[in-house]
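Novice: Got a structure here, written out as structure tokens. Questions coming.
Every read-out reported here was derived from the displayed coordinates using simple, explicitly stated rules and does not represent laboratory data. None of these values were measured; they are calculated from a predicted model. Here the Cβ is made from the backbone with ideal geometry for all residues, glycine too, and neighbour counts use every protein chain on show.
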Amino acid sequence: MARELNTLSFVASQAPEAQDARDELIAIYGNADPEEADVIVALGGDGFMLQTLHTTMNTGKRVYGMNRGSIGFLMNRYDSANLRERIGGAVENAFRPLEMVTSDASGQERRALAINEVYLFRQSYQAAKLRVSVDGRVRLEELICDGLLLATPAGSTAYNLSAHGPILPLEAPLLALTPVSPFRPRRWRGALLPNKVTVKIEVLEAEKRPVNAVADNTEVKSVTSVRIAESEGLSAHILSDPDHSWSDRILAEQFDY
């Protein structure tokens, strides 16, 4: 049954195409304050959608995106007609982000959230040297690689896929741990982990082989260790057209060649 909507709030990236679309839609539907709106309509590309989801994290606000960017995997198609009806009939998905906690050589901790993935990558010409533990047990004593990422199902079709990681169905209670250009062990291609585990990645020879860590668009330089776990109390909510749902998009990616 379609949801009843009263107010929409339109937000857009700085791209001219997105700004023009925002002006057009406000002229048709009006524009509520984001804090008062029933639904946030995000206009732009995938990066802007992630930014909007972070902004609305744990507010209970639902976000409906329309593509005014380049790829727009996370977005619905753009159409100014019958927008309230489209949103009213949209499919809702709730996501729990990953929480990244980093430490540096001084012991300082920093926290950040990731809807797509947490990614560690080498700073210098030398490969990173990492130790990987899952729920307190060392699973890889030494991984030499260009990088390592832990992706959610929502993020499994992003950088994880480019790094030859597995695509995860949206409903799967799994995370993909995927290496980038592994050198040793050369044959290790990653692992599928339950989404309730805690992953700890220690940077070996951190001064000689410096490593940065990124949670979506938040980067921390020169980390010595990173702890990653699914957040227990935070969630983001996204709406998609029934004929173009996230589940359908992820399934379609698995048959695209």
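Novice: Got a sec to turn the phi values of the stretch 126-135 into Karplus ³J(HN,Hα) couplings, 6.51 cos²θ - 1.76 cosθ + 1.60 with θ = phi - 60°, whole Hz, x for Gly and Pro?
Specialist: Along the stretch 126-135, the couplings run 8, 5, 6, 10, 10, 10, 10, 10, 10, 6 Hz.
Novice: Counting Lys and Arg as +1 and Asp and Glu as -1, each charge on the Cβ, what is the dipole of the chain about the Cα centre in debye, to the nearest 20?
Specialist: Approximately 1260 debye in magnitude.
Novice: Exposed loop GluC sites (Glu not before Pro) only (DSSP loop, at most 14 other Cβ atoms within 10 Å): please give the longest stretch of the chain free of them, not including the sites.
Specialist: Result for the longest clean stretch: 37-170.
Novice: Sticking with this structure for a sec: Grab the chain and count how many Lys pairs have their alpha-carbon atoms under 30 Å apart, sequence gap of 8 or more, or different chains.
Specialist: 9
Novice: With N set to the number of residues, divide the alpha-carbon radius of gyration of the stretch 107-178 by 2.2 N^0.38 Å and report two decimals. Before the final figure, lay out the partial values.
Specialist: On the way: Rg = 13.2 Å, N = 72, 2.2 N^0.38 = 11.2 Å.
Dividing the Cα radius of gyration by 2.2 N^0.38 Å gives 1.18.
Novice: Another one. Under 10 Å, Cα contacts only: if you run a Gaussian network model on the chain, which one of Leu161, Leu50, Leu140 comes out with the highest mean-square fluctuation?
Specialist: Comparing Leu161, Leu50, Leu140 in the GNM, the peak value goes to Leu140.
Novice: While we're here: Per the Kirkwood definition applied to all pairs of different Cα atoms, how many angstroms is the hydrodynamic radius of the chain?
Specialist: It is 19.3 Å.
Novice: If you plug each phi of the stretch 149-165 into the Karplus form 6.51 cos²θ - 1.76 cosθ + 1.60 with θ = phi - 60°, what whole-Hz ³J(HN,Hα) values come out, in order, with x for Gly and Pro?
Specialist: For the stretch 149-165, the Karplus curve yields 9, 10, 10, 7, x, 4, x, 5, 9, 9, 4, 4, 5, 4, 8, 6, x Hz.
Novice: When the helices in the chain are scored as -39500 (n - 2.57) per DSSP H run of 4 or longer and the sum is shared across all residues, what 222 nm value do you end up with, to the nearest 500 deg cm²/dmol?
Specialist: On the way: 5 runs with 42 residues, N = 257.
One gets -4500 deg cm²/dmol as the mean residue ellipticity at 222 nm.
Novice: Using only the alpha-carbon atoms, what does the stretch 131-257 span along each of its principal axes? Please give whole angstrom values in decreasing order.
Specialist: Ordered largest first, the stretch 131-257 gives principal extents of 51, 36, 26 Å.
Novice: Now, a different point. Which of the listed residues, Pro210, Leu143, Ala112, is farthest toward the dipole's positive end in the stretch 98-230, when Lys, Arg count +1 and Asp, Glu count -1 at the beta-carbon?
Specialist: Of the options given, the answer is Leu143.
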